[in-house]
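Below is one structure. I have some questions about it.
The values are calculated or read from the model by the stated rules, or taken from the named source; none is laboratory data. What you see is a predicted model, and the numbers here were worked out from it, not measured in a lab. Glycine gets a Cβ as well: all are built from the backbone with ideal geometry, and neighbour counts include every protein chain shown. Surface accessibility is based on the protein's heavy atoms, side chains included, excluding ligands, DNA and RNA. Shrake-Rupley method; radii C 1.70, N 1.55, O 1.52, S 1.80 Å.
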Amino acid sequence: MYFLIAAAIVTLDQWTKNLVVTRMELGQSIPLIPDVFHLTSHRNMGAAFGILQNQRWLFVIITIAVVIGILVSLVRIGKRQPRVSLALSLVLGGAIGNFIDRVSTGQVVDFLDFTLINFPIFNVADMAITIGVALLLLDVLLEGRRKTE
């Protein structure tokens, strides 16, 4: 089931990115909620928030290592720790989604733009990674609390 979740994330991520690439001009911004949330066609050659620009092969190598680590962890953990497995499946799907972009074009397609708070533009893969990491942190906090009680 967790591999299906990761596959669904990759599919949704690549589908939405394809829509942006084929139906929007680079730099074009479509306000969905004016001055709050826009669809903005953007390309990122770095990591989160645009750091480490033009380090394509570094990201490819790191992503391969992360994906292998997550796959091994999912096989070992399985259904025994469902929150951790769900979190890892989200990170896996997001990592593969952005990996596909980096390998195929050298840049990641971003398009979700919260203009109200001037937040960096992101995509479905980024959301999955962020939610997955948040779930992992939640699990660490809950496990730590459970052990102290």
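Looking only at region 38-48, filter to residues that are over 29 Å from Ile70 (Cα atoms) and in contact with a Leu (Cβ under 7 Å, 6 or more places away or on another chain); which one of those is least open to solvent (accessible area, probe 1.4 Å)?
Out of the qualifying residues, it is Ser41.
While we're on this one: Out of region 119-129, which residues are touching a strand residue (DSSP E or B) at 6+ places or on another chain (Cβ under 9 Å) and either surrounded by 14 or more Cβ atoms within 10 Å (Cβ to Cβ) or among the hydroxyl-bearing types (Ser, Thr, Tyr) (or both)?
Residues satisfying the conditions are Pro120, Ile121, Phe122, Asn123, Val124, Ala125, Asp126, Met127.
Out of region 130-149, which residues are open to solvent by less than 50 Å² (accessible area, probe 1.4 Å) and at pLDDT below 95?
Answer for region 130-149, where residues must be open to solvent by less than 50 Å² (accessible area, probe 1.4 Å) and at pLDDT below 95: Asp139, Gly144.
Of all the residues that make up region 114-128, how many are of a type outside the set (A, V, I, L, M) and part of a loop (DSSP other than H, G, I, E, B)?
5
Give me a count of the residues in region 66-118 that are under 30 Å from Pro34 (Cα atoms), touching an Asp or Glu at 6+ places or on another chain (Cβ under 7 Å), surrounded by fewer than 19 Cβ atoms within 10 Å (Cβ to Cβ) and not hydroxyl-bearing (Ser, Thr, Tyr).
Residues that pass the stated criteria total 2.
Which residues, taken from region 1-32, are open to solvent by 70 Å² or more (accessible area, probe 1.4 Å), more than 16 Å from Ile70 (Cα to Cα) and part of a helix (DSSP H, G or I)?
Thr11, Leu12, Trp15, Asn18, Val21, Thr22, Arg23 - these are the residues of region 1-32 that are open to solvent by 70 Å² or more (accessible area, probe 1.4 Å), more than 16 Å from Ile70 (Cα to Cα) and part of a helix (DSSP H, G or I).
Hey, another quick one. Can you find even one residue in region 91-109 that is more than 18 Å from Ala7 (Cβ to Cβ), under 12 Å from the mean Cα position of the chain (by Cα) and modelled with pLDDT of 90 or more?
Yes, the conditions are met somewhere in region 91-109.
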